[in-house]
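Taking it in order: structure first as structure tokens, then the write-up.
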Amino acid sequence: MPADEHPENHPVANGLRTDHPIPDLPFVDDSHIPVDDSEAIEAIGRNRGEGMWGREDRCPGGGWTAFTTDPVRHDLAWTVRWHPGRGRSVTLWRDDCAAPVHDAMWLRDPAPLLFRVGGYWYDGATWYRPAQVWDPASEEYVRRPVPMAVTVTAAELLKVGGDAGRGTVATITEFSPGSPGPGRWADDLALWAARRQVGALPLAECVVNVTAPELAGDRLVSATELAAIGGIAPSTLRAYISRGEEQVPEPQAVIGGRSAWSRPVAEEWAEQRRRENAAETVAVNHGGADMHPGTAEVCGRFERIFYSALWENPGRRKRWALRWRDQAAVRDIAAGLAWYVAADVAPSTDRGIVPAADLADTIRHAILHEFAVQQDPGRESPFYGITAPVARMLDWLIRHNPDSAQRAIGELIGDAERGLEIPREVTERSLRLSLDLPSSKLDAERRREFLSRAFTPQATPGD
């Protein structure tokens, strides 16, 4: 399951009625949990007492998932994932892990059926690597299939061996998370198979594990190699892991007490880290410090302006003399410098910090797009909504460059009328309502007066 390297975030046992046992985990009797009914599972823990909770949800692609705090052991919780054609996974967790595990099961499309080897997941047809690389366009993690993945079933493992007579199944009261099992897991698996009910999923369809070339032991990378792939020092990686930071992926194996990762997982973690730090690709050095190029341009611009104002202006230069160093003189200089900045934020030309004309066109197109997506051919709207970010930018433009804002509003009214057949009064009402922002720094009276001049002239004055 998606989790960090800490063992307390891992499943602690298989439920006896699971169809898909997790390798090397003990089996615990789950007969006191209604694993066939999601609503009944939720009802066990939801609002039943302090420290208890439960929830159930439908899964994209079919079936459901549910979890509940165990009614006897409130430090433990059960999760159940059921699919109509693929059976169910019943797993025991520490109670505080159940909710995130539940969300990992149903907040993807298609929803995973099960997880193995440090976050590799299976949807019933394909194995995928752990979800790490985020696609902002689809607002989903990229699904990357595992090449040449082979599903290992219970039937295949039982052919190798296992003595049900020596297997064990713990009760919930006697179970101790993390304690070593009394025997071989192959024997426990044989006992689980022997106690399966009539009509249960065939053993040949019970998924236990996955193998793939990239998961072979000689292809896994160490923590030192993972750090190198991620472009950080091994000590930094250890700090990330100990603090649960930077979404360090789960290891795919622990060999000799040391964690090991598949190389593709390590590379995809590094890929996501690079994507999250796209700003570093355009950083420039200015005055000995790395900064965004736009910031450097503004710094350089005002460095030249301030130098000229303070040193090359004879009237100000003399103020460096001691007799001019008083509060009023400093305040006067500060006011003068502030004016340079204020005048350069969004001037009428596009030579300032903010290109006002380009911003005005961007706002106009954004509002037209919002109008277009809200249009209903069968209904006339009295007004159209404008999202708060766009409305705030129009409010900003009115305050900083009202000439550009006035032109944008006039063009917007015409574009909406000609291109979208939206009456002028509807566009004007939409703008008026959207600009009534609690965050606006322009008082209502000034805003009304501005809009009265920016909106369509009335056919008869006074109408």
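The values are calculated or read from the model by the stated rules, or taken from the named source; none is laboratory data. If you're wondering where the values come from, they're calculated on a predicted model, not measured in any experiment. In this analysis, Cβ positions are derived from the backbone assuming ideal geometry, glycine residues included, and neighbour counts consider all displayed protein chains.
Some notes on this structure:
- Checking each residue in region 284-334 for being at pLDDT 75 or above, in a loop (DSSP other than H, G, I, E, B) and either within 30 Å of Val133 (Cβ to Cβ) or among the small types (Gly, Ala, Ser) (or both) picks out Gly287, Gly288.
- Candidates His369, His400, filtered to the one that is of a type outside the set (A, V, I, L, M, F, W, C), over 16 Å from Thr456 (Cα atoms) and at pLDDT 90 or above: His369
- The number of residues in region 425-446 being more than 18 Å from Gly385 (Cβ to Cβ) and part of a helix (DSSP H, G or I) comes to 3.
- All of (1) more than 26 Å from Asp70 (Cα to Cα); (2) aromatic (Phe, Trp, Tyr); (3) at pLDDT 95 or above hold for Trp192 with one exception: (1).
- Residues of region 182-194 satisfying the condition of being surrounded by 15 or more Cβ atoms within 10 Å (Cβ to Cβ) and either over 30 Å from Trp261 (Cβ atoms) or touching a residue at least 40 places away in the same chain (Cβ under 8 Å) (or both): Trp185, Asp187, Asp188, Leu189, Ala190, Leu191, Trp192, Ala193
- Selection count where residues are outside any strand (DSSP E or B) and either closer than 30 Å to Ala193 by Cβ or without any contact (Cβ under 8 Å) to a residue 40 or more places away in the chain (or both), scope region 140-157: 9
- Checked against the criterion of being crowded, with 18+ Cβ neighbours inside 10 Å, out of contact with any Asp or Glu (no Cβ under 6 Å at 6 or more places or on another chain) and not in a helix (DSSP H, G or I), the candidates Ile398, Ile422 yield just one match: Ile422.
- Each residue in region 107-139 was checked for being buried (at least 19 other Cβ atoms within 10 Å of the Cβ) and either assigned to a strand (DSSP E or B) or not assigned by TED's automatic domain parsing to the domain that holds Ile22 (or both), and 8 of them qualify.
- Of the residues in region 279-299, at least one is touching a residue at least 24 places away in the same chain (Cβ under 8 Å) and either surrounded by 12 or more Cβ atoms within 10 Å (Cβ to Cβ) or at positive phi (or both).
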